[in-house]
Amino acid sequence: DKAGHKHFMAKEIAEQPALLADLIANYIGADNTITLPGDLNFADYDRVLMVACGTGYYACKTAKNWFETVAGMPVEVDVASEYRYREPPVGDRTLALYLSQSGETADTLAALRYTAGKAATIAAIVNVPESSIAREADVVLPIRAGVEVSVASTKAFTNQLAILLMMAAKAAQDRGKILAEGLIDGLRALPGILNVVLDAPDNVQSISRGLAEARDVLFLGRGAVYPIALEGALKLKEISYIHAEGYAAGELKHGPIALVDKHVPVIVLAPRDRLFDKTVSNMQEVLARGGKVVLISDEAGINEFGADAWRTLTLPRVHPTLAPILYTIPVQLLAYHTAVAKGTDVDQPRNLAKSVTVE
Ligand code: F6R
């Protein structure tokens, strides 16, 4: 049942605020204490290992930044297909986290089995609590996103991000670190903000019609939103079949700028945070080569530099730590509307399966 939407993907994008609110209410009490299943206490670990595939891997990359900056914990992140064959050393004070929407991804399950008996604790972050990955973990953290039908993952990703952020905040509390002011309250307010972004009549559709003409699209981001640039590129290539790459903005001049000309849209994710000026200077390098910049920022950022861009998208201002969750919404919408403009099979893109149970 698409609940009045044209595609499951559109329905699942629209469900995100309510699902996020439910997830937060499930794990954070009225007094802001975070309670995780299995009584996970991060004082018991000295590092975190996170392994996943695809979109889940980008959620882990986002979380690496959070665990490092919010909780001061070292984090290793890898794609399961690489991790499983590398035979990496695993410390006995490592919390090993396996993240999978389906809970059935073959490579992720194999990586989990490799660390069983080596890591202190094996935790699974899954959408399907009865799945293989959940069954083989010591602790299961359900993301409570409901059944995801669209092959391209959307609502599972935002709830994966939210649970990982709550874990990082819990890790900070467990390790006696002071949480940045306004972070938990900001997280609670986030579903309302996502609702506003989803409802706002904006220019996503006209930008998407422009993207639909492109052969290549670049996504740039720095810091907290760099993994969202990767996710934006993955979503666009999956459902619109347009070649898209996500890059750390600072890597642009180390190669990808050679691709830029007036035919290449470059989507720049740049909340007005402490790295904004750096990202803007990368954007200017793109403009100098005639690239078509789509600047996604907040009002302050758009007021300052929006005039130079081909198109802009203005998002509300949120706590900088929360920006990855917010900036996910426009990249999902751009991918969706570009695919609709191209007339592809949005929910069942060619060559892709929802659950990858073979390696
Ligand atoms: C992207 C997508 C895939 C999955 C990947 C892992 O939209 O859906 O990249 O994220 O196949 O799947 P799970 O999370 O089920 O292990």
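Side notes on the structure shown:
- Surface share of carbon and sulfur [accessible, 1.4 angstrom probe, percent] for segment 1-121: 47
- For the chain, the longest principal axis of the Cα atoms and the long axis of helix 183-199 meet at an angle of about 40 degrees.
- Pairs of alpha carbons in segment 258-302 whose separation is greater than 18 Å (percent): 25
- Computed extension length for T69-R209: 46.6 nm, one decimal, from 0.36 nm per residue of separation with the Cα-Cα distance subtracted.
- The gain in end-to-end length when the S281 to T35 segment is fully stretched comes to 84.4 nm, 0.36 nm per residue minus the alpha carbon separation.
- Compactness ratio for segment 1-159: Cα radius of gyration over 2.2 N^0.38 Å (N = residue count) comes to 1.05.
- Remark: relative contact order (segment 89-170) = 25 percent; criterion is Cα-Cα distance under 8 angstrom and separation of 6 or more residues.
- Using alpha carbons only: equivalent-ellipsoid semi-axes of segment 111-262, gyration tensor based, whole Å: 32, 21, 19
- Spatial separation of Cα centroids for segment 4-33 and segment 202-269, in angstrom: 26
- Between 0 and 90 degrees, the angle of helix 54-71 with respect to the longest Cα principal axis of the chain falls at about 70 degrees.
- Among the protein heavy atoms, those of T312 account for about 40 Å² of accessible surface (1.4 Å probe, every chain in place).
- Of the residues Y226, Y327, ranked by 1.4 Å probe accessible area with the largest first, the sequence reads Y226, Y327.
- Rounded percent of accessible protein surface that carbon and sulfur make up, segment 217-340, 1.4 Å probe: 50
- A cut-off under 9 angstrom between Cβ atoms defines the neighbours of S297, and their net charge, with Lys, Arg +1 and Asp, Glu -1, is -2.
- The distance linking segment 85-163 with segment 337-359 is 23 Å (Cα centroid to Cα centroid, whole angstrom).
- The alpha-carbon of K177 sits under 16 angstrom from the alpha-carbons of these aspartates and glutamates, leaving out residues fewer than 8 places away in its chain: D44, D46, E68.
- When the Cα atoms of segment 232-359 are aligned to their principal axes, the ranges along those axes come out at 45, 34, 30 Å in descending order.
- C-alpha long axis of helix 155-174 to longest principal axis of the chain, angle in °: 50
- Using a Förster distance of 35 Å, the FRET efficiency for D92-A180 (Cβ separation, nearest 0.05): 0.65
- For segment 267-342, accessible area per residue (1.4 Å probe, heavy atoms of protein chains only), Å²: 36
- Computed from the C-beta positions of E304 and H263 and an R0 of 41 Å, the FRET efficiency is 0.95 to the nearest 0.05.
- Rounded to the nearest 20 debye, the dipole size of segment 1-160 about its Cα centre is 340 debye, using +1 on the Cβ of Lys and Arg and -1 on the Cβ of Asp and Glu.
- Pairs with C-alpha atoms separated by more than 26 Å, drawn from the list K2/K64; K237/K354; K170/K237; K253/K292; K64/K170, are K2/K64; K170/K237.
- Each label was represented as a point 7 Å from its Cα along the Cα-to-Cβ direction; for A353 and H5 these points are 2.5 nm apart.
- Histogram of C-alpha separations across the chain, 10 Å bin width, %: 5, 26, 34, 25, 9, 0
- In this structure segment 1-160 gives 37 Å² per residue of accessible area when probed at 1.4 Å with all protein chains present.
- H337 accessible area, 1.4 Å probe, all protein chains in place, Å² to nearest 10: 40
The values are calculated or read from the model by the stated rules, or taken from the named source; none is laboratory data. If you're wondering where the values come from, they're calculated on a predicted model, not measured in any experiment. Glycine gets a Cβ as well: all are built from the backbone with ideal geometry, and neighbour counts include every protein chain shown. Accessible surface areas use protein heavy atoms only, side chains included; no ligands, DNA or RNA. Shrake-Rupley method; radii C 1.70, N 1.55, O 1.52, S 1.80 Å.
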